[in-house]
1. For the range 124-161, enumerate the residues that are open to solvent by 90 Å² or more (accessible area, probe 1.4 Å) and more than 30 Å from PRO10 (Cβ to Cβ).
2. Among (1) hydrophobic (A, V, I, L, M, F, W, C); (2) in contact (Cβ under 8 Å) with a residue 24 or more places away in the chain; (3) out of contact with any Leu (no Cβ under 9 Å at 6 or more places or on another chain), which single condition is VAL40 missing?
3. Considering the range 4-33 alone, what residues qualify as being under 14 Å from ALA91 (Cβ atoms) and either free of Cβ contacts under 8 Å to residues at least 60 places away in the same chain or in contact with a Leu (Cβ under 9 Å, 6 or more places away or on another chain) (or both)?
4. Please go through the range 55-82 and give me each residue that is of a type in the set (Gly, Ala, Ser) and in contact with a Gly (Cβ under 9 Å, 6 or more places away or on another chain), ordered by number.
5. Name the strands (runs of 3 or more DSSP E) wholly within the range 1-105 that hold at least 2 residues that are surrounded by 13 or more Cβ atoms within 10 Å (Cβ to Cβ)?
6. Of the residues VAL79, VAL40, which is β-branched (Val, Ile, Thr) and closer than 24 Å to PRO10 by Cβ?
7. Quick one: would you say THR78 is touching a Phe, Trp or Tyr at 6+ places or on another chain (Cβ under 6 Å) and of a type in the set (S, T, N, Q)?
8. From the list ASP109, ASP121, ASP169, pick out the single residue that is without any contact (Cβ under 8 Å) to a residue 40 or more places away in the chain, open to solvent by 50 Å² or more (accessible area, probe 1.4 Å) and at positive phi.
Amino acid sequence: MNAANSEPPPVIDSARTLWYALNDETVRFTDRISLFVGDVGDLSKLDEMPHLAICENFCAPGEILLFFCNEDWQPQGTVALDSVKAAKQKAEVGYTGISAKWAQASSSDNEVDEYLRDVYDVDPSTEWWRLKCAFCGKDDSELDRLFGSPKAYICDGCIRSLYRTIADD
């Protein structure tokens, strides 16, 4: 597989990029990682990907994610692991020779923060990944249920309160 010679962004899918590898002709795809992607009822096994990235999940600090990415560094599949070492070992199972390709990401903390502000439109000094009710401000750890859309979330308590207000009117 011919992989473009490019570095990944500092953040991939809400996770900080730590290491990355470009799959090329010196790497042998073994197809020994069974990673199924797609919608329920329409799953398919992930094919060979040109880029791999090892990232630390902002949402679960300490959790390491091994991303299988397309040419634009968009993840097509993900495996969660306990360590960078485990991620590299897992990658080697499916991509023999990828061990020699790993490069450490060069983004500084400031570059990561700037990327989060510019691309994700969040304040990196906050726990921006926490889901919060747009009405009462409580986060998901304080709530029984949280319902949402891509733009906003509402908790079950606020739904009950809203229902009572409408019923009273």
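1. The answer is PHE135, LYS138, GLU142, ASP144, ARG145, ARG160.
2. Every listed condition holds for VAL40 apart from (2).
3. TRP19, TYR20, ALA21, LEU22, ASN23, ILE33
4. In the first step, residues of the range 55-82 are kept if they are of a type in the set (Gly, Ala, Ser); the result is 60, 62, 77, 80.
Within the range 55-82, no residue meets the criteria.
5. Those strands (runs of 3 or more DSSP E) span 15-22, 51-57, 64-69, 75-81.
6. Of VAL79, VAL40, the one residue that is β-branched (Val, Ile, Thr) and closer than 24 Å to PRO10 by Cβ is VAL79.
7. yes
8. Only one candidate qualifies: ASP121.
The values are calculated or read from the model by the stated rules, or taken from the named source; none is laboratory data. What you are looking at is a predicted structure, and each value in this text was computed from that prediction instead of being measured. Heads up, the Cβs are rebuilt from the backbone with ideal geometry, glycines too, and the neighbour counts pull from every protein chain shown. Side chains are part of the model used for accessible areas, which takes the heavy atoms of the whole protein and leaves out ligands, DNA and RNA. Shrake-Rupley method; radii C 1.70, N 1.55, O 1.52, S 1.80 Å.
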